[in-house]
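Here's the structure we're looking at; comments come further down.
The values are calculated or read from the model by the stated rules, or taken from the named source; none is laboratory data. All of these numbers come straight from a predicted model, not from anything done at the bench. Heads up, the Cβs are rebuilt from the backbone with ideal geometry, glycines too, and the neighbour counts pull from every protein chain shown.
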There are 2 protein chains.
Amino acid sequence: MRQILVIGSGKSTSYLIKYLLDHAATESLLITIADIHIENAERLINNHLNGNTIQLDIFNDASRYEIIKASDIVISMLPAHLHINIAKDCLKLNKNLVTASYVSPEMQALNEEVKAKGLIFMNEIGVDPGLDHMSAMKVLDDIREKGGEILSFESSTGGLIAPESDNNLWHYKFTWNPRNVVLAGQGGTAKYLKEGSYKYLPYNQLFKRAETLNIENHGRFEVYANRDSLKYQAAYKLENAKTLYRGTMRRAGFCQAWDVFVSLGMTDDSFTMDDSEHLSHRNFLNAFLPYHPSDSVESKLQKLLKIEYTDLIWKKLEALDLFNNNKYTKLEKATPAQILQNILMDSWSLSEQDKDMVVMYHKFGYKLSGKKHETTSTMVTIGTDSTYTAMAKTVGLPVAIATISILNKKITQPGVHIPITKEIYLPILTELETYGIIFNEKNRI
Amino acid sequence: MRQILVIGSGKSTSYLIKYLLDHAATESLLITIADIHIENAERLINNHLNGNTIQLDIFNDASRYEIIKASDIVISMLPAHLHINIAKDCLKLNKNLVTASYVSPEMQALNEEVKAKGLIFMNEIGVDPGLDHMSAMKVLDDIREKGGEILSFESSTGGLIAPESDNNLWHYKFTWNPRNVVLAGQGGTAKYLKEGSYKYLPYNQLFKRAETLNIENHGRFEVYANRDSLKYQAAYKLENAKTLYRGTMRRAGFCQAWDVFVSLGMTDDSFTMDDSEHLSHRNFLNAFLPYHPSDSVESKLQKLLKIEYTDLIWKKLEALDLFNNNKYTKLEKATPAQILQNILMDSWSLSEQDKDMVVMYHKFGYKLSGKKHETTSTMVTIGTDSTYTAMAKTVGLPVAIATISILNKKITQPGVHIPITKEIYLPILTELETYGIIFNEKNRI
């Protein structure tokens, strides 16, 4: 039996654990799930004979080390900043490691040692990052093998609500970490390359300048730019491309309405508001509006941002009960972002049977035999319910498949990796198709 | 003879040094000016018998210590973050200290030791901070002595160009550190109190929501909010006031035009632009505009920010030569803020004979004998030329007068201070009037 250790059992682990348990018999696997709270892990294991849980305080160095020592391979599903100590233990104990997170500089710094020991630390193998790398590299490699020259690459991903569960005006619910959604775009000026020119978008323009995207059979979306669209320029070998753009998708109309919060400063997480526990929703909003001796909150908001009562954007704000003077978040010493998140969670939380949707869309422009071509690659995955979400599926299945591939020595190249080589991505993408995660590629000249 | 050591001889020291030299004979003063570059100091001393210069590397602990040891009192005119080592030397060597800078937490932490040794460390005794404290406290104390109850305090200050030298459409020139002007407002969300409600203004709204201010005989100004209007609430004993607002003044029309730069992200100092040394002014601007296959830079800017060719704001942008494709700042690895500053310096630098202007305006609302009253206090000072500026005058004279007062034991209370007690501010304000720095107070019911 091979011992797989999964550290962390949060929302995005349901499909990962299901896959591992489903393959436990055929692949001879024992799966241990370590977490500080084991209730969710126990629910997911559901008394499966090859699964067990163990309580672990990740900050307890000795217990963490012992648990890792007892395993054959480690999957860390913790928040990204908590991987590094696990990685260092794995290095000491000669264990392979899989994460769905961005490679941090600290993780990258381990590369030489990892290589020297013949180990594999596979990162960025969830959905975004993960599926984006694999599906994009597949098309890019195909084009290059045919002799094509890549001119442009635009890519966007969205964690959204499925049409069948879409019952609010924003066409949005929290299908992953709400805090990250509220703070999205605040990491610094977004940068991308368009037709040979670098473009820079400050936070205050990010949602104002979202771009419309139509996806056949799936309707209209909007895309706002990620912080650094040039991040994978070298990894994807796109040094000669004239356009590089990576973005995040929302349903059409979301960004303009969200920009109300950005413009007013309600997504700010850098200071706590005075007397925050006593602010009604209405007073919270009013704190970001100018003083006026007689104008109402509604009237001031309309004048300041030039919104009409009849605009859909206005209906969206009303739908959040933002003007209610009798509702309170009651949060003490809270930042605007924390209060806003709390207000949104009342309207945007998934109910038990809600289905989410993950959408990924790439557009490649290239020149082949003197002609300009365009290829699009689209993936839409719908979740089953609020536990077995599309998000958990698209994050968890690539992690699970990569883990088994490493155990079975199908992935062998040692080092700190992301899944951008054909040997890695092709078998994974092929297997994912059997689970309904399918990239639909279309070409036109 | 009493030995005064002035450390630093930058732009704001001309009047300070002139005052000290003019009083050298009557007050028996020897003035030593220490700086790493002594050319400006020598020019200002102009062979006066009681003045001399000494080259000092402020980071050389031994020489700094020896120079301070030889003096009777120290004035530090260095940038604020460089005061603390001087302050610690002064503490060791039992020397009094005067600065025009905000009291840093490190400076405040010395208070008990300074008191114990019977020393005086007088800070925030320039113009803003400085004159603002003194002139505001004078009115506040007057109102309270009459039995009035303060309801509101609004205060703003501007370092501007004098009307006789105002020859550009922005009605603005750099009369102090250009970098600080470009970065103004970026320290975080501005906060103030208005009629009992806290109000928060994010950077993207700061210049959009500037308020108009008319000052009799001086025309129309605009005021944008300082970061923390509540900073001196306790020091000024304004805990019961319903309105507290501190702002920075510009000439009418400036803020709306400046907001173009803020909106587009051109004041950002947090990242360097790719290939910055080869960006023409036009391409610099274009980097913050959306891509369009055929629209001109002008057309994109107009559409994005809804500006008309006929708007004054458009003329202001043109006046900066911002659309010129043949002008380059040529700065390598430059941030947007650095490039913008460079472009502005071409248009906004003071010429030798240009006169600047410092404006300060306070408005106090109070209740006395059941009636509501309003008092305004206005100060306008015009400079002589680009050396003897109003800025140098309003910063330097309070520093100089306070220094002599400490030497002459007219200010005696030991500790780390700011000038908010009558014993300190009243003699200084009275003497400043003889130099034309006059606060014009008006009351109305």
I need the full set of residues from segment B:201-249 which are away from chain A (no Cβ under 14 Å), touching a residue at least 60 places away in the same chain (Cβ under 8 Å) and within 25 Å of B:P105 (Cα to Cα), in order please.
B:Y232, B:A235, B:Y236, B:K237, B:L238, B:R246, B:T248
For the subset of segment A:285-322 comprising residues that are touching a Leu at 6+ places or on another chain (Cβ under 6 Å) and away from chain B (no Cβ under 14 Å), which member is farthest from A:Y172 (Cα to Cα)?
A:L322
Based on this model, can you work out whether B:N85 counts as free of Cβ contacts under 8 Å to residues at least 24 places away in the same chain and either assigned by TED's automatic domain parsing to the domain that holds B:I17 or touching a Phe, Trp or Tyr at 6+ places or on another chain (Cβ under 6 Å) (or both)?
no
Might you let me know whether segment B:5-21 holds any residue that is without any contact (Cβ under 8 Å) to a residue 24 or more places away in the chain and farther than 18 Å from B:I401 by Cα?
no
Which ones in segment B:54-69 are surrounded by 15 or more Cβ atoms within 10 Å (Cβ to Cβ) and over 15 Å from B:I36 (Cβ atoms)?
B:Y65, B:I68
Condition check: out of contact with any Cys (no Cβ under 6 Å at 6 or more places or on another chain), at negative phi and either of a type in the set (V, I, T) or surrounded by 18 or more Cβ atoms within 10 Å (Cβ to Cβ) (or both). Does A:L340 satisfy that?
yes
Picking from B:Y232, B:Y245, B:Y200, which residue would you name as being assigned to a loop (DSSP other than H, G, I, E, B) and of a type in the set (S, T, Y)?
B:Y232
Among the residues of segment A:180-189, count how many are closer than 18 Å to A:S263 by Cβ and either more than 9 Å from chain B (Cβ to nearest Cβ) or in a helix (DSSP H, G or I) (or both).
6
Can you go through B:E106, B:E112 and tell me which one is among the acidic types (D, E), over 26 Å from B:M379 (Cα atoms) and out of contact with any helix residue (DSSP H, G or I) (no Cβ under 9 Å at 6 or more places or on another chain)?
B:E112
For segment A:40-73, which residues satisfy the criterion of being of a type in the set (D, E) and either part of a loop (DSSP other than H, G, I, E, B) or over 27 Å from the mean Cα position of the chain (by Cα) (or both)?
A:D57, A:D61, A:E66, A:D72
Could you check segment A:190-200 and list, in sequence order, the residues that are within 13 Å of B:P336 (Cβ to Cβ) and facing another protein chain (nearest Cβ under 7 Å)?
A:Y198, A:K199, A:Y200
Taking A:G396, is it in contact with a Gly (Cβ under 8 Å, 6 or more places away or on another chain) and more than 21 Å from A:K146 (Cβ to Cβ)?
yes
The residue from B:V139, B:V103, B:V98 that alone is under 22 Å from B:A34 (Cβ atoms) and either outside any strand (DSSP E or B) or not basic (K, R) (or both) is B:V98
Among (1) assigned to a helix (DSSP H, G or I); (2) under 27 Å from B:K11 (Cβ atoms); (3) more than 14 Å from chain A (Cβ to nearest Cβ), where does B:I339 come up short?
(3)
One residue from A:H37, A:H81 being out of contact with any strand residue (DSSP E or B) (no Cβ under 7 Å at 6 or more places or on another chain) and part of a helix (DSSP H, G or I):
A:H81
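Per-residue answers, yes or no, for (1) in contact (Cβ under 8 Å) with a residue 12 or more places away in the chain; (2) under 22 Å from B:R220 (Cα atoms); (3) not in a loop (DSSP other than H, G, I, E, B):
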{"site": "B:K303", "(1), (2), (3)": "no, no, yes"}
{"site": "B:F323", "(1), (2), (3)": "yes, no, no"}
{"site": "B:K330", "(1), (2), (3)": "yes, no, no"}
{"site": "B:H362", "(1), (2), (3)": "yes, yes, yes"}
{"site": "B:T376", "(1), (2), (3)": "yes, yes, yes"}
{"site": "B:T381", "(1), (2), (3)": "yes, yes, yes"}
Do we have any residue at all in segment A:21-33 that's surrounded by fewer than 22 Cβ atoms within 10 Å (Cβ to Cβ), modelled with pLDDT under 95 and not in a helix (DSSP H, G or I)?
no
Scan of segment A:250-284 for residues that are in a helix (DSSP H, G or I) and either within 11 Å of chain B (Cβ to nearest Cβ) or hydroxyl-bearing (S, T, Y) (or both), ordered by number:
A:D259, A:F261, A:V262, A:S263, A:L264, A:S276, A:N283, A:F284
Take B:K367 and tell me if it is in contact (Cβ under 8 Å) with a residue 24 or more places away in the chain, more than 30 Å from B:E318 (Cα to Cα) and surrounded by fewer than 17 Cβ atoms within 10 Å (Cβ to Cβ).
yes
